Amino acid sequence: MIKHIVMWKLKEIAEGHGKLENARIIKTELELLKDEISEIIDIEVGINVVEDAQAYDVVLYSTFKNKEDLNRYQINPSHVKVAGFIGKVRESRVVVDYEI
């Protein structure tokens, strides 16, 4: 199994919304992918609740059967659409993928 974890720091204002509203949009759109992309075993999206300069704003924690399923997820048009929005509202991104 593969765990795919991504964290984003968001811009204060982007795409006509503040940081918190964009975080909520990201959470909703990513969680909807569970019903659209069969390769996703599990997905959880959290919005940071602690103000700290080192904290990221949104985290994605997802699980896939193998690397091939993760790769299919990443090129799925539904994921690409959400990723496009995130790319417009984020300042930075960190990611880790690991096997369990």
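What to note about this one:
- Output for region 11-29, where each listed residue is in a helix (DSSP H, G or I), surrounded by fewer than 16 Cβ atoms within 10 Å (Cβ to Cβ) and among the acidic types (Asp, Glu): Glu21
- The single condition from (1) among the charged types (D, E, K, R); (2) surrounded by fewer than 17 Cβ atoms within 10 Å (Cβ to Cβ); (3) within 17 Å of Met1 (Cα to Cα); (4) in contact (Cβ under 8 Å) with a residue 24 or more places away in the chain that Glu44 fails is (4).
- Within the span defined as region 71-90, every residue fails to be on the phi > 0 side of the Ramachandran plot, exposed (fewer than 12 other Cβ atoms within 10 Å of the Cβ), over 12 Å from the mean Cα position of the chain (by Cα) and not hydrophobic (A, V, I, L, M, F, W, C).
- For Ser62, the conditions (1) surrounded by 15 or more Cβ atoms within 10 Å (Cβ to Cβ); (2) within 11 Å of the chain's Cα centre (by Cα); (3) of a type outside the set (A, V, I, L, M, F, W, C); (4) not in a strand (DSSP E or B) are fulfilled apart from (4).
Throughout, read-outs are computed from the coordinates displayed, never taken from laboratory work. Every value quoted in this text rests on a predicted model; they were computed, and no experiment measured them. Note that we place each Cβ from the backbone using ideal geometry, even for glycine, and neighbour counts take in every protein chain shown.
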